[in-house]
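K.L.:
Input: one structure, supplied below.
The values are calculated or read from the model by the stated rules, or taken from the named source; none is laboratory data. Here the structure is a predicted model, which is why all the values come from computation and not from measurement. Heads up, the Cβs are rebuilt from the backbone with ideal geometry, glycines too, and the neighbour counts pull from every protein chain shown.
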Amino acid sequence: MNRYWVNFIALLAVLGVVYLVFNFRNSTYFLRLKHKLAVSVEDKISTVAHNINTEFIRKRKPPLTFIDKEQKLAQFIPFVFGKFTKKDWENFWDACYNPQGKGFFSKKRYLTREEIKDYLMEYFPDLSYLQDIHWKYLWEIVYGQGD
């Protein structure tokens, strides 16, 4: 007889859970949760599509080689660019020409000239002495006349 009561209580528990699931499915909380999930998935898909588009259709096309630009920059400001290591040049050109973004689901974007300027002045404080006319010439070397 005791076994039947255990089965009856288990059946009632299952029916209770089914009832709660059906009521939850029709609740406003579930609808908000479902909408939030749909928006989140849509946003992630949009971000991945944006990143793929940014990687394959580049606004800033790097030259085949940076040797000429590196020499001009080293002559222009030898006390900074003359001391650059290979890694420093890689980081500099990466900041100038490649879209930036951390993580798979963060939107990649190009750094602005102001952000690149801040980056350079943080790691190379000697550049803080440059005036706007010097920065203009630096950008002409980096991006060319038309940019």
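K.L.:
Given (1) over 30 Å from the mean Cα position of the chain (by Cα); (2) exposed (fewer than 11 other Cβ atoms within 10 Å of the Cβ); (3) of a type outside the set (Lys, Arg), where does Phe24 come up short, assuming only one miss?
P.N.:
Single failed check for Phe24: (2).
K.L.:
Another question about this same structure. Would you mind telling me which numbered condition in (1) modelled with pLDDT of 80 or more; (2) closer than 30 Å to His134 by Cα; (3) not polar (S, T, N, Q) Arg60 fails?
P.N.:
Against the list (1) modelled with pLDDT of 80 or more; (2) closer than 30 Å to His134 by Cα; (3) not polar (S, T, N, Q), Arg60 comes up short only on (1).
K.L.:
Anything in the stretch 26-58 that is among the small types (Gly, Ala, Ser) and in a helix (DSSP H, G or I)? List them, or say none.
P.N.:
Listed by number, the residues that qualify are Ala38, Ser40, Ser46, Ala49.
K.L.:
Which of the residues that make up the stretch 17-53 are among the β-branched types (Val, Ile, Thr) and either over 25 Å from Phe105 (Cβ atoms) or assigned by TED's automatic domain parsing to the domain that holds Tyr110 (or both)?
P.N.:
Step one: list which residues in the stretch 17-53 are among the β-branched types (Val, Ile, Thr), which gives 17-18, 21, 28, 39, 41, 45, 47-48, 52.
The answer is Val17, Val18, Val21, Thr28.
K.L.:
If I filter the stretch 10-25 for residues that are assigned to a helix (DSSP H, G or I) and under 30 Å from Ser128 (Cβ atoms), do I get at least one hit?
P.N.:
For the stretch 10-25, residues assigned to a helix (DSSP H, G or I) and under 30 Å from Ser128 (Cβ atoms): absent.
K.L.:
Give the number of residues within the stretch 107-134 that are in a loop (DSSP other than H, G, I, E, B), surrounded by 14 or more Cβ atoms within 10 Å (Cβ to Cβ) and under 27 Å from the mean Cα position of the chain (by Cα). Lay out the reasoning, then the answer.
P.N.:
So in the stretch 107-134, the residues in a loop (DSSP other than H, G, I, E, B) come out as 107-108, 110-112, 124, 130-131.
Add one more test, that the residue is surrounded by 14 or more Cβ atoms within 10 Å (Cβ to Cβ), and what stays is 107-108, 110-111, 124, 130.
Add one more test, that the residue is under 27 Å from the mean Cα position of the chain (by Cα), and what stays is 107-108, 110-111, 124.
Of the residues in that region, 5 qualify.
K.L.:
For the stretch 122-145, does any single residue satisfy the condition of being basic (Lys, Arg) and in contact with a helix residue (DSSP H, G or I) (Cβ under 8 Å, 6 or more places away or on another chain)?
P.N.:
No, there is no match, as no residue in the stretch 122-145 is basic (Lys, Arg) and in contact with a helix residue (DSSP H, G or I) (Cβ under 8 Å, 6 or more places away or on another chain).
K.L.:
Another question, if that's okay. What about Gly82, is it small (Gly, Ala, Ser) and modelled with pLDDT under 80?
P.N.:
No; evaluated as a whole, the condition is false for this residue.
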